[in-house]
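Following: one structure in structure tokens, then a few remarks.
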Amino acid sequence: MCNAWVVLVFCLGQLCADQSLKPQIAASRLAANNPTLTTVSLEKPFCMFDSSLRPNKSYAIYLYAMKESASAISSLVINSSKPLDSTFQQTRGGQLGPYKAALFNVPSCATPPKLADVGDINKVSDVLKQYLFRVGDDGTCLYDPNFLGICNPPLAPDTTYRFKYLLLDTTEGTVKEQTLWSDPIKTRRVKLPSKIDTWPGRRSGGMIVITSILSVLMFLLLAGFLASVSSVVMRSEDSSAETRKMSQTIQQSELKPQLSSE
């Protein structure tokens, strides 16, 4: 009953795809370290909207994003069959409601990318671009005064987001279908220096600093010891040379009287 009520809230007065269809986070074998601090890689909606596609029509996919803290009332992405045009700036990065994060062609269900090609270093980049979309991948659009397109700026660290795909009939400019909102996906948090995992030993940030200081002190002590040893050796050599010189002088002075008496 609860699940049915949730679906009703999200789909009331709107077109809605199969209740089981929603954006999925990319598998770890396709996108390592996902999510990151500021990005989330999602699988593109292959075969999700095929039943709604008609011949002689042009379609596109919109991707919307919002923070989980945004209310369900403000999560609608359709206004009178038209797609919502709210931007990252207008929604405070998804805090006030959904914003349009991407626009791309409908992925071909008939000819999807071959995931087996991921193992081919010459094909992996192209396959991943076809199969995945990375939310938060544009670090410049917010600061470009001449940028007029859809902005996909970095997400906030340690923040939970939801995502939704929408099918747009670009011929008529109307929405034909949409998925449910994704499950909550949380970006990673920034690690504090005291919690940095410094394998081996799993030392803390403070231990790293202490170890560095001790290493420097050990180096200075070793350098001082070597300098002292070198100084002692040099003084010993100087003393030996002076002793030999004095011995030679004494020997010469002892020879002189003997020579004069002869």
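In this structure, does Tyr99 turn out to be under 22 Å from Ala156 (Cα atoms) and open to solvent by less than 50 Å² (accessible area, probe 1.4 Å)?
Spelling it out, Tyr99 is indeed under 22 Å from Ala156 (Cα atoms) and open to solvent by less than 50 Å² (accessible area, probe 1.4 Å).
Give me the pairs, please: first residue somewhere in the range 161-176 and under 21 Å from Glu43 (Cα atoms), second residue anywhere and part of a strand (DSSP E or B) and among the polar types (S, T, N, Q), beta-carbon distance under 8 Å, and either six or more positions apart or on two chains.
As it stands, the answer is Lys164/Gln178; Tyr165/Gln178; Leu166/Gln178; Leu167/Gln178; Leu168/Thr174, since those pairs meet every condition given.
Please verify whether the range 109-128 includes one or more residues that are surrounded by 19 or more Cβ atoms within 10 Å (Cβ to Cβ) and at pLDDT 90 or above.
no
Test each condition in (1) out of contact with any Gly (no Cβ under 8 Å at 6 or more places or on another chain); (2) farther than 19 Å from Val40 by Cα; (3) in a helix (DSSP H, G or I); (4) not charged (D, E, K, R) for Ser125 and report the one that comes out false.
Going through (1) out of contact with any Gly (no Cβ under 8 Å at 6 or more places or on another chain); (2) farther than 19 Å from Val40 by Cα; (3) in a helix (DSSP H, G or I); (4) not charged (D, E, K, R) one by one, Ser125 breaks only (2).
Within the range 57-84, take every residue that is free of Cβ contacts under 8 Å to residues at least 60 places away in the same chain and assigned to a loop (DSSP other than H, G, I, E, B) and give me the one that is least open to solvent (accessible area, probe 1.4 Å).
Ala70
Go through (1) assigned to a loop (DSSP other than H, G, I, E, B); (2) farther than 25 Å from Leu37 by Cβ; (3) acidic (Asp, Glu) and name the single condition Asp158 misses.
Answer for Asp158: the failing condition is (2).
Looking at the range 32-52, which of the residues that are open to solvent by 60 Å² or more (accessible area, probe 1.4 Å) and free of Cβ contacts under 8 Å to residues at least 12 places away in the same chain is farthest from Ala110 (Cα to Cα)?
The residue in question is Asn33.
The values are calculated or read from the model by the stated rules, or taken from the named source; none is laboratory data. All values reported here derive from a predicted model rather than from experimental measurement. Note that each Cβ is placed from the backbone with ideal geometry, even for glycine, and that neighbours are counted across all protein chains shown. Accessible surface is based on the protein model in full, side chains and every heavy atom, while ligands, DNA and RNA are left aside. Shrake-Rupley method; radii C 1.70, N 1.55, O 1.52, S 1.80 Å.
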